[in-house]
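S.K.: My structure is below; once you've seen it, I'll send some questions.
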């Protein structure tokens, strides 16, 4: 049984060292580190990435796969869910650095399986929303405007970080109360309500500000 860290490095902000350090600070240690460099997360299927193919070949039952977040595992909702479920069928345990989520096939209880699969779907949908928001921001020429120092087009800067947004999204998927989510994320109840009412807009604001 081995532990793998898989990273996708597609921008200057998403360095392998940063993803490794973040995972190690969360208590993970690895036997293998596999990374795809310069691969678009929104256009290339997981199984078609050079190191993604290698990961599919290497993983065995009992292994643990660590990723920063589920968006590392596919280009869209279908790809992420297909990848996760394929690995679970193989007996691989998937763990995320952000929020410490665990997905595996250890349960045979139908209700627990349904909850697990619903969570996978929710997280994958959130990952695709992030990717779509990023593409929209790129098409609007945001990078060019940012280089010119003009932030007026971006609107109000979000009062939450990417990690806080992810915490809110994951707890909403668990049907936690707004008060519980506010306490866990360190956000105000009003901010949690805004994210809950329009998660796509909240995701888009993060993408616009490159957060």
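Each value in this text was obtained by applying a stated rule to the coordinates, not by laboratory testing. Since the structure is predicted, the reported quantities are computational estimates derived from the model, not experimental observations. Cβ atoms come from the backbone with ideal geometry, glycine included; neighbour counts cover every protein chain shown.
S.K.: First measure r as the distance between the Cβ atoms of residue 190 and residue 115, then evaluate 1/(1 + (r/R0)^6) with R0 = 41 Å and state the FRET efficiency to the nearest 0.05.
M.R.: Details: r = 29 Å, r/R0 = 0.70.
Efficiency computed from Cβ-Cβ geometry: 0.90.
S.K.: Let me ask you something else. For residue 108 and residue 156, calculate 0.36 nm times their separation in residues minus their Cα-Cα distance, and state this gained length in nm to one decimal. Numbers along the way, then the final one.
M.R.: On the way: separation 48, 0.36 × 48 = 17.28 nm, distance 4.64 nm.
Between residue 108 and residue 156, full extension yields 12.6 nm more.
S.K.: Tell me, what are the semi-axes, in whole angstrom and largest first, of the equivalent ellipsoid of region 3-106 as set by the roots of 5 times the Cα gyration tensor eigenvalues?
M.R.: Values: eigenvalues 67, 58, 30 Å².
Its equivalent ellipsoid spans semi-axes of 18, 17, 12 Å.
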